[in-house]
1. Suppose every Lys and Arg Cβ carries +1 and every Asp and Glu Cβ carries -1, with no other charges. What dipole size does the chain come out with about its Cα centre, to the nearest 20 debye?
2. Hey, rough spin-label estimate for VAL90 and LYS266, points 7 angstrom out along Cα→Cβ, what's it come to in nanometres?
3. Report, in deg cm²/dmol and to the nearest 500, the calculated mean residue ellipticity at 222 nm for the chain, where each DSSP H run with n ≥ 4 adds -39500 (n - 2.57) and the sum is divided by the residue count.
4. If you compute volume of the Cα convex hull per residue in Å³ for the structure shown, which of [x] 183; [y] 135; [z] 149 do you land on?
5. For MET249, list long-range residues whose amide hydrogen, built 1.01 Å from N in the peptide plane, is under 5 Å from its own amide hydrogen.
6. Return CYS183, CYS220 ranked ascending by Cβ neighbour count within 10 Å, so the fewest neighbours appear first.
7. Provide the net charge surrounding THR198, with neighbours chosen by a C-beta distance below 12 Å and charges set as Lys +1, Arg +1, Asp -1, Glu -1.
8. Only Cα pairs within less than 10 Å get springs; with that Gaussian network setup on the chain, which residue of GLY322, GLY158, GLY118 has the largest fluctuation?
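What follows is calculated from the coordinates using simple rules that are stated; it is not laboratory data. A quick note: this is a predicted structure, and the numbers were derived from the prediction, not measured. Here the Cβ is made from the backbone with ideal geometry for all residues, glycine too, and neighbour counts use every protein chain on show.
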Amino acid sequence: MSDEPQDEIEDIEILELPLGDWHRAKAARMVEFAGYHMPIQYEGIIAEHVWTRTNAGLFDVSHMGQLMLSGEGVAEAFERIVPGDISALVEGRMRYSLLLAEDGGVLDDMMITRTPMGLYLVVNGAVKQEDMAYLRGELPDEITINYMEDRALLALQGPKAAKAMARIVPAATKLFFMEADMCLWGEEPLWISRSGYTGEDGFEISVPADKARVLVDALCGQPEVKPIGLGARDSLRLEAGLPLYGHDMNPATDPVEAGAAFAISKRRRAEGGFHGADRILKALAQGPARKLVGLSVDGKIPVREGAKIFTQDEQVGVVTSGSFAPTIGAPIAMGYVAARHAAPGTMLEAEVRGKRVGLTISALPFIPHRYHRKGAA
């Protein structure tokens with residue numbers, strides 16, 4: 001090691017999305033997020049939020065990690081570090097799950113799809129490198145981990161998403177919520193799922209990076225579709241009561257207190273055998289000490305992440321996400337509170353810049369989900 005003083009720290013490289021130039025040509029305001037230059041807005045967060053709730057918004061989520069796990073016994077091996085019944089997942093079906101540390105803390109949340117090639121994972125961009133390192137350490141050597149860095153990922157979301165998609169990739173509109181398939185776009189096969197993170201009907205589209213620009217031009221050429229930035233993506237997911245990893249979940253939280261007990265499959269509850277099973281199954285049986293809850297905010301002052309939550313002089317929780325909710329017309333938030341104060345309707349207070357702001361525990365989601373479910377009316 002050199003004994004010379006290290007006065008300068010190398011700048012960390014901020015990466016470009018495959019569609020970076022396209023976003024700039026659309027006058028997007030770009031910011032650094034998860035190590036990439038990302039579009040935070042085009043014409044304005046509220047306008048883009050409202051457009052997605054009433055029409056169809058196109059999101060570039062290529063910063064997220066697309067992984068393919070393959071090899072004999074991949075599902076059974078993977079079940080050691082997630083609490084879902086992955087072995088029972090049939091081809092073309094998806095499952096939301098959680099990557100667990102040895103103590104049951106949440107290292108990431110993800111979507112898992114069974115494909116003919118193996119298990120296709122979409123993981124959060126901010127921790128994808130850590131996820132891959134963890135997977136390599138936890139999975140047997142015979143399991144192959146393929147980081148699909150040559151592909152872009154798009155999300156088309158909103159009540160008119162299917163109408164627009166029908167003109168571009170008609171086969172995709174035959175899918176129901178949490179189903180996926182290889183669909184042809186002309187002669188180009190695309191991996192498409194009926195899923196998303198806005199609470200609306202929609203699709204996620206995995207496309208070769210060198211084909212992404214032609215596809216986004218085709219999608220945004222539809223009258224129902226506009227490009228939407230990160231800002232509206234955050235307010236949309238918050239209204240839908242969907243947690244954001246790194247804010248509403250992290251290694252210090254377990255799935256039960258984070259409101260993700262639904263991701264623990266029935267067989268796994270009976271058999272255990274996953275990281276942190278003793279801790280997690282105990283929390284299921286006895287109830288967690290704290291819970292992630294929705295929070296309606298009195299007045300117009302947003303309550304942001306980190307704000308302390310009180311009942312009189314006792315701190316009983318902390319806000320983990322907060323924003324103005326355009327659909328509701330008022331600020332909303334999510335946060336952890338002591339379980340004894342977590343019942344809907346409970347009135348609490350947040351401390352914002354030295355002042356108290358009234359909060360009411362609200363059932364999640366704040367607005368109904370409108371997924372295209374099989375068998376729904």
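1. Working: 39 positive and 52 negative charges, 471 e Å.
For the chain, the charge dipole is close to 2260 debye.
2. For the pair VAL90/LYS266, the computed spacing is 1.6 nm.
3. Working: 9 runs with 75 residues, N = 377.
Per the formula, -5500 deg cm²/dmol.
4. Computing volume of the Cα convex hull per residue in Å³ and matching it to [x] 183; [y] 135; [z] 149 gives [x].
5. When sequence neighbours closer than 5 places are left aside, the close amide H contacts are LEU244.
6. Numbers: CYS183 21, CYS220 16.
Arranged by neighbour count, lowest to highest, CYS183, CYS220 become CYS220, CYS183.
7. On the way: positive: ARG53, ARG233, ARG237, ARG370; negative: GLU48, GLU200, ASP201, GLU204, ASP234, GLU239.
Surrounding charge for THR198 is -2.
8. Looking only at GLY322, GLY158, GLY118, the largest GNM fluctuation is found for GLY118.
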